[in-house]
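One structure is given below, encoded as structure tokens.
The values are calculated or read from the model by the stated rules, or taken from the named source; none is laboratory data. The structure presented is a predicted model; accordingly, all values stated were derived computationally and were not measured. Virtual Cβ from ideal backbone geometry, glycine too; neighbours counted across all protein chains shown. Areas reflect the complete protein model, heavy atoms only, side chains present, ligands, DNA and RNA absent. Shrake-Rupley method; radii C 1.70, N 1.55, O 1.52, S 1.80 Å.
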Amino acid sequence: MVSLYQAQKKIYPRSVKGLFAKWRWFFVYATQIFFYGMPWLQWGDRQAMLFDLEARRFYIFGLVLYPQDVVYLAAILIISALLLFLFTAVAGRQWCGYACPQTVYTEIYLWIEKKLEGDRSARMRLDAAPMSASKFTRKTLKQMAWIAVGLWTGFTFVGYFTPIRDLAVHVAQWTLGPWEIFWIFFYGFATYGNAGYMREQVCMYMCPYARFQSAMFDKDTLIVTYDAARGEPRGARSRKTDHRAAGLGDCVDCTLCVQVCPTGIDIREGLQYECISCAACIDVCNDVMDKVGYPRGLIRYSTENALEKGWGSKEIWRQVMRPRVLVYSAILAALCIALVASLFMRTPFRVDIVRDRATLARIVDGNKIENVYRVQIMNATEKPQTYELSVAGMPGLELVTDKSVTIDGAQGLWVPVRLQLPYGGAQSGSHEIQFQVQSTESGRVNEKSVFLVPR
Ligand code: SF4
Ligand code: SF4
């Protein structure tokens, strides 16, 4: 029987201390304080960041976005993607190694695992041992903690789309709707599965970014490198031996760099696509170098060019401003300026005109032709606003319903509008007209429509 899948050995990453481990934990704290904390933040009497799909309104602090503003969200997504491209071209897979949710949650799940089952060798012994009361207790506690983190993450995720305080009440009273239950459990299960079990498999087989990022790499991109010229030939040695005289390089072949690697690779075999640039191997190797009294940096962040040409950090920095980086930066800067300018210049209300489909045109009292419309006005500010409605485009055309409407902050309203024209005031057919909606505080919007004159 030919297996379609490669059998995977379970990886037991050894915990590591050092400068880059501290940075990794810094990003765990920063991203999770933001993710778990943001939905609880209030802005006036509402949630500061809420993507209310049901009401079709997105709130981001003082900004209220309607479906018509989707272009801003698209621009934010394009800017984020470009930022990632730029960052990858300069600094390689730092996003993967430090801030990607997969890395962050794996770090949290590994921390729980280490607290309850011990570090690498203890975990390996525990897994190999037969079931006992102690093993059962540890494994159960770990599962409970993992599930709790997964469910809390799912709850928080849903809290970005449903007011989280109401959601908490619904959870406490178990009065959640079917979609809320589905998403809390689905997102919670995905977190639990990805961070608890799939781990490096997500980076190696599922992540699209891992697939296309090599297109953004060049010989000046920062990568985690092993200095083979300095390290080889590797081998164990006694502390008292002059390893150079014995024909050995600086690598003592302790294999700690392999043991700490979350993707289970040996960086000494060169750059591999599995490497997520987390620098755990740098931290542990620096530690080893300190212990044996050799200079740090046998494994370090460097570039292919720097390794080939023996460059130091000055030359590496000089290569940062290369054409590819300048092009990415220029596009990014132009997009950011355009986004900020259009956000500042945007009229803080939206108008939609819909013709009444039931009545195309009719003759009413006073020998007039009447067309009926529904005008939707969406107030994208936080305060009540008054809007004046008028119409232009045909001589004698008159708006006969209320010309003024007041709408509460962040609310939309459908206003029925009737337009009348004296009979014989225009030829039969369709005539282009403009609705004008003037806010007393914040500008004017013109919307085109048509007025039908029957034969
Ligand atoms: S941690 Fe450093 S010294 Fe130890 S095997 Fe890896 S490269 Fe060699
Ligand atoms: S090789 Fe080093 S930097 Fe790459 S994933 Fe493994 S530990 Fe992280």
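Assorted remarks:
- Partners for LYS448 among lysines (Cα-Cα distance below 30 Å; same-chain residues under 8 apart left out): LYS368, LYS383, LYS403
- The residues of the chain present an accessible area of 55 Å² per residue when probed at 1.4 Å with all protein chains retained.
- For LYS135, the aspartates and glutamates whose Cα comes closer than 15 Å to its Cα, not counting residues fewer than 8 places off in the same chain, are GLU113, GLU117, ASP119, ASP127.
- Among GLN376, GLY429, PRO348 the positive-end extreme of the charge dipole of the chain (Cβ point charges): PRO348
- Cβ crowding within 10 Å averaged over residues, with 367-375, 306-314, 65-73 ranked highest first: 367-375, 65-73, 306-314
- Three-way shape call for the range 98-253 based on the alpha-carbon gyration tensor, with the a/c threshold at 1.5: oblate
- Charges were assigned to the Cβ only: +1 to each Lys and Arg, -1 to each Asp and Glu. The resulting dipole of the range 299-379 about its Cα centre is roughly 140 debye.
- Here the range 311-455 is treated with +1 on each Lys and Arg Cβ and -1 on each Asp and Glu Cβ, and its dipole about the Cα centre works out to around 680 debye.
- Net charge dipole size for the chain [Lys, Arg +1 and Asp, Glu -1 on Cβ; Debye, nearest 20]: 1400 debye
- Whole-percent carbon and sulfur share, accessible surface of the range 223-263, 1.4 Å: 56 percent
- Ranking THR137, ALA81, TRP111 by Cα position along the charge dipole of the range 55-180, where only Lys, Arg, Asp and Glu carry charges on their C-beta atoms, puts THR137 farthest toward the positive end.
- Averaged over residues, the count of other Cβ atoms within 10 Å places the peptides 169-175, 326-332 in the sequence 326-332, 169-175, highest first.
- For the range 182-262: rounded, prolate or oblate by the Cα gyration tensor [a/c cutoff 1.5]: oblate
- When the square roots of the Cα gyration tensor eigenvalues are ordered a ≥ b ≥ c, the ratio a/c for the range 94-154 is 1.5 or more and a/b does not exceed b/c, which makes its shape oblate.
- Peptide packing for 23-29, 85-91 was compared via the average number of neighbouring C-beta atoms within 10 Å per residue; ordered from the highest value, the list is 85-91, 23-29.
- Each Lys or Arg adds one and each Asp or Glu takes one away; over the other residues whose Cβ falls under 12 Å from the Cβ of MET204, this sums to 0.
- The chain: Cys lacking any partner C-beta under 4.7 angstrom: CYS96, CYS100, CYS203, CYS207, CYS251, CYS254, CYS261, CYS275, CYS278, CYS285, CYS336
- Distance between the range 251-278 and the range 376-455 - C-alpha centres, whole angstrom: 67 Å
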